[in-house]
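The values are calculated or read from the model by the stated rules, or taken from the named source; none is laboratory data. The model shown is predicted, which means the values in this text are computed figures rather than measured ones. Every residue, glycine as well, gets a Cβ built from its backbone with ideal geometry; the counts of neighbours run over all protein chains shown. We work out accessible area using only protein heavy atoms, side chains counted, and drop any ligands, DNA or RNA first. Shrake-Rupley method; radii C 1.70, N 1.55, O 1.52, S 1.80 Å.
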Amino acid sequence: ITDLSVWYIRRSRDRFKDAALRPDAATTLRNVLKNLSLMMAPLMPFLAEYLWQELEVDSESVHLAAWPDTDEKKIDTKLLEEMESARGLVEKAHALRSASGIKVRQPLSKLEINAPLSEELRAIVADEVNVKEVASVKTVGASTGSVSDEQKTVALHTELTDELKAEGALRELIRMTNAYRKEKGLKPSDTVSVSYATASGFLNDTVVTAFIDQLKRQTVSHEWIRRDAVADGSEIDINGEKITITF
């Protein structure tokens, strides 16, 4: 259950939003929940039945359905082991971020690992840790500007360029804008016009202006208009730089 909720479902959020990828993601999730309800039925009969009815399975009741069978030929043991390794590396990288006081929303340049991973799994690790690159090396933490764990299995490059700072500020602005949308009771499909005021040249020029297309797309807005002042808005503080927004 933990693997399903904190890894598969969270990792599949973009797949559920994508019309082309949604059917496969939903079919997998449905199959897992169906078998989960079957397996827990003897111990948690009411919860299992509730889940079964919500899934609208053909069988009238989970307690009238057959116990699930296992097809061992479909179990990719190698992939499971590699994914477990990838998740362990992600956990260690997050610990380094936490110790360094760098939020996950702040992109970093590189994560070094001393384990071989496929290109697909390196991409997953990069996305989870929010780094531009995941590099497999023999000795981690050899370069300057990096922190590594005690076992020297991962090293995180913590130097922040102006470009990385701008991307981190963009992510924070998007997060806070979407939180403000939710606070105002807007639906995900509601498109808004955003008015903003800021004395920060960094936020105006390097973040809003430079990333305007991405900002509009991810906040479901059709324009961002700079004002001299904004009344009754939400003031957002991003590393000491302030911007006030309203719809």
Mind checking which pairs have a first residue in region 128-150 that is closer than 23 Å to Glu84 by Cβ and a second that is assigned to a loop (DSSP other than H, G, I, E, B) and open to solvent by less than 50 Å² (accessible area, probe 1.4 Å), Cβ under 6 Å, 6 or more apart or different chains?
Asn130/Pro107; Ser148/Val140; Ser148/Gly141
Just the residues that are more than 15 Å from Leu164 (Cα to Cα) and not charged (D, E, K, R), please, taken from region 116-133.
Pro116, Leu117, Ser118, Leu121, Ala123, Ile124, Val125
Do we have any residue at all in region 70-88 that's touching a residue at least 40 places away in the same chain (Cβ under 8 Å), open to solvent by less than 70 Å² (accessible area, probe 1.4 Å), in contact with a strand residue (DSSP E or B) (Cβ under 8 Å, 6 or more places away or on another chain) and under 25 Å from Ile124 (Cα atoms)?
no
Pick out the one residue from Leu55, Leu47, Leu43, Leu36 that is under 19 Å from Leu80 (Cβ atoms) and of a type in the set (A, V, I, L, M, F, W, C).
Leu36
Does region 39-60 include one or more residues that are on the phi > 0 side of the Ramachandran plot, open to solvent by 50 Å² or more (accessible area, probe 1.4 Å), at pLDDT below 95 and acidic (Asp, Glu)?
yes
Since Ile236 meets every condition but one in (1) assigned to a strand (DSSP E or B); (2) of a type in the set (A, V, I, L, M); (3) open to solvent by 30 Å² or more (accessible area, probe 1.4 Å), which condition does it not meet?
(3)
Identify, by number, the condition in (1) touching a residue at least 60 places away in the same chain (Cβ under 8 Å); (2) outside any helix (DSSP H, G or I) that Ser189 doesn't meet.
(1)
Where residues in region 171-206 are of a type in the set (Gly, Ala, Ser) and either surrounded by 12 or more Cβ atoms within 10 Å (Cβ to Cβ) or within 21 Å of the chain's Cα centre (by Cα) (or both), which of them is modelled with the lowest pLDDT?
Ser189
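Table: residues versus (1) under 16 Å from Thr219 (Cβ atoms); (2) not charged (D, E, K, R).
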| position | (1), (2) |
| --- | --- |
| Ser136 | no, yes |
| Thr139 | no, yes |
| Val147 | no, yes |
| Gln151 | no, yes |
| Leu156 | no, yes |
| Glu159 | no, no |
| Glu163 | no, no |
| Gly185 | yes, yes |
| Tyr196 | yes, yes |
Go through region 159-202 residue by residue and tally those that are within 22 Å of Lys132 (Cβ to Cβ) and not aromatic (Phe, Trp, Tyr).
17
All-but-one check, Glu133 against (1) under 20 Å from Gly101 (Cβ atoms); (2) within 21 Å of the chain's Cα centre (by Cα); (3) open to solvent by 20 Å² or more (accessible area, probe 1.4 Å), failing number (1)
Examine region 217-232 for a residue that is surrounded by 12 or more Cβ atoms within 10 Å (Cβ to Cβ), β-branched (Val, Ile, Thr) and closer than 23 Å to Lys103 by Cα, and state whether such a residue exists.
yes
